[in-house]
1. Determine which single condition Q218 fails, assuming it passes every other condition in (1) surrounded by fewer than 15 Cβ atoms within 10 Å (Cβ to Cβ); (2) in contact with a strand residue (DSSP E or B) (Cβ under 7 Å, 6 or more places away or on another chain); (3) part of a helix (DSSP H, G or I).
2. Residue by residue through the stretch 39-69, note down the ones that are outside any loop (DSSP other than H, G, I, E, B), under 16 Å from L327 (Cβ atoms) and touching a Phe, Trp or Tyr at 6+ places or on another chain (Cβ under 6 Å).
3. Report, by residue number, each residue of the stretch 24-52 that is of a type in the set (D, E, K, R), in contact with a Ser or Thr (Cβ under 9 Å, 6 or more places away or on another chain) and within 24 Å of L112 (Cβ to Cβ).
4. So, H18, is that one modelled with pLDDT of 90 or more and not β-branched (V, I, T) or not?
5. What's the total number of residues in the stretch 85-132 that are among the hydroxyl-bearing types (S, T, Y) and surrounded by 14 or more Cβ atoms within 10 Å (Cβ to Cβ)?
6. Does the stretch 303-313 include one or more residues that are in a loop (DSSP other than H, G, I, E, B), under 18 Å from I206 (Cβ atoms), touching a residue at least 12 places away in the same chain (Cβ under 8 Å) and not small (G, A, S)?
7. Is it the case that A283 is of a type in the set (A, V, I, L, M, F, W, C), at pLDDT 90 or above, surrounded by 20 or more Cβ atoms within 10 Å (Cβ to Cβ) and assigned to a loop (DSSP other than H, G, I, E, B)?
8. Considering the stretch 162-179 alone, what residues qualify as being in contact with a Phe, Trp or Tyr (Cβ under 9 Å, 6 or more places away or on another chain) and surrounded by fewer than 16 Cβ atoms within 10 Å (Cβ to Cβ)?
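The values are calculated or read from the model by the stated rules, or taken from the named source; none is laboratory data. It should be emphasised that the depicted structure is a prediction, and the values quoted were computed from it without experimental measurement. Here the Cβ is made from the backbone with ideal geometry for all residues, glycine too, and neighbour counts use every protein chain on show.
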Amino acid sequence: MSIKTLSIYTFRNLTEVHLTLSPFFNLISGENGAGKSSILEAVYFLSHGRSFRGHVLEPLIQFNQQKTILQALIETTSQNEVSLGVMKSLVEEGQIKIGGELCRSAAELAVLLPVQLLNADSFDLLNGGPAFRRQWMDWGLFHVEPSYGDLWRQYNRVLKQRNAALKREGAAVVRCWDEELAQIGEKMALHRAYYIEQIMPLCNDIFGRFCDFSFYFQYERGWDADKLLLDALQGGLARDQHLGYTSAGPHRAELRLTIEDKPVQTILSRGQQKWLIYSLKLAQGLLLKQQTGKSCVYLLDDVPAEWDDQRQKTLIAVLQDMASQVLITGIDLSYLHELTANLPTKMFHVEHGVVMEAYAANAENLN
């Protein structure tokens with residue numbers, strides 16, 4: 001699973017860009033503000049149907065333009081080629097196309113193009129609220145468990161109905177939603193628990209290549225461990241009516257990461273936390289590969305040159321072992337080119353929104 005060609009039109013400061021990418025490593029250098037991160041943002045948009053920088057459309061579209069178009073040719077695991085296209089407009093309804101055919105759901109993009117982003121905001125996975133860790137679990141399950149996406153959508157639909165009833169209706173109406181919510185929620189919790197059981201050893205195997213620590217997941221499903229969800233919903237009805245929302249269920253789940261029963265944030269340095277985050281996301285790609293044969297595309301934004309040599313080599317080795325396509329941005333990537341010189345690698349340089357392909361012979365002049 002990789003992107004063969006990528007075309008970007010009037011997206012942020014990128015007026016028109018056409019790239020033929022390596023199925024393995026793609027190094028994109030340039031000064032801050034040149035537009036290199038916008039290339040990663042465009043790939044992310046093609047997978048998720050939205051930006052990782054926010055949900056407001058207008059800043060994405062180049063000034064004085066009314067729409068942006070993103071296109072890619074994807075090579076699948078069966079070596080077939082499939083085209084993807086996303087058009088977003090300020091004056092008309094947007095479109096998503098797969099293989100030239102209109103589709104309604106951005107989820108179809110994600111199925112064809114699994115993408116993982118690692119950037120400065122990735123620290124939210126450890127230091128942000130529980131929602132970030134639920135998203136991490138749900139991303140993994142969406143890609144390895146075919147039924148999970150439907151379960152997630154059904155659960156959120158019923159949850160919305162129950163919450164609306166809590167605000168406007170009496171107890172009898174609220175109870176009408178409890179059984180369906182409980183049935184779906186119990187299934188979601190079981191899927192999440194099994195996913196954690198599967199991925200924890202993979203996470204620790206990868207993290208152990210970066211740091212001399214092992215960590216543990218403490219999964220809290222979102223209601224008392226000794227109760228059925230239906231009992232928790234019915235027993236908490238009065239409290240939920242007072243609050244105006246449902247206080248028990250998978251939407252309240254938490255995933256705690258600990259070392260010797262202490263939060264990892266109290267044990268690991270900032271740098272070690274970064275490697276833990278990388279390990280969590282790399283393990284998801286590895287499990288995806290093991291269970292489905294699909295490869296995840298990794299976007300590494302603004303990689304710092306001060307990483308020590310051994311960890312640089314370890315990261316490249318892990319990505320190489322996974323046979324993943326990787327797009328890496330940074331101001332100076334000459335040190336990474338040395339590590340990937342014997343691997344299928346393409347180099348690009350961005351200046352003022354213009355992207356130029358570069359070659360090893362003039363690598364020293366890129367930055």
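1. It is condition (3) that Q218 fails.
2. Initial filter on the stretch 39-69 (outside any loop (DSSP other than H, G, I, E, B)): 39-48, 58-61, 67-69.
Now narrow it down to the ones that are under 16 Å from L327 (Cβ atoms): 39-48.
Hits for the stretch 39-69 are A42, Y44.
3. Of everything in the stretch 24-52, just one residue is of a type in the set (D, E, K, R), in contact with a Ser or Thr (Cβ under 9 Å, 6 or more places away or on another chain) and within 24 Å of L112 (Cβ to Cβ), namely E41.
4. Working: modelled with pLDDT of 90 or more: yes; not β-branched (V, I, T): yes.
Yes; evaluated as a whole, the condition is true for this residue.
5. Residues of the stretch 85-132 among the hydroxyl-bearing types (S, T, Y): 89, 105, 122.
Of the ones still in play, those that are also surrounded by 14 or more Cβ atoms within 10 Å (Cβ to Cβ) are 89, 122.
Final tally of qualifying residues: 2.
6. Taking the stretch 303-313 as the starting set, the residues that turn out to be in a loop (DSSP other than H, G, I, E, B) are 303-308.
Still in the list and also under 18 Å from I206 (Cβ atoms): 303, 307-308.
Filter once more, so that each one left must be touching a residue at least 12 places away in the same chain (Cβ under 8 Å): 303.
Then drop every residue that is not not small (G, A, S), which leaves 303.
Scanning the stretch 303-313 turns up at least one residue that is in a loop (DSSP other than H, G, I, E, B), under 18 Å from I206 (Cβ atoms), touching a residue at least 12 places away in the same chain (Cβ under 8 Å) and not small (G, A, S).
7. Details: of a type in the set (A, V, I, L, M, F, W, C): yes; at pLDDT 90 or above: yes; surrounded by 20 or more Cβ atoms within 10 Å (Cβ to Cβ): yes; assigned to a loop (DSSP other than H, G, I, E, B): no.
Against the criterion (of a type in the set (A, V, I, L, M, F, W, C), at pLDDT 90 or above, surrounded by 20 or more Cβ atoms within 10 Å (Cβ to Cβ) and assigned to a loop (DSSP other than H, G, I, E, B)), A283 does not qualify.
8. Step one: of the stretch 162-179, the residues in contact with a Phe, Trp or Tyr (Cβ under 9 Å, 6 or more places away or on another chain) are 162-163, 165-167.
Within the stretch 162-179, K167 is the sole residue that qualifies.
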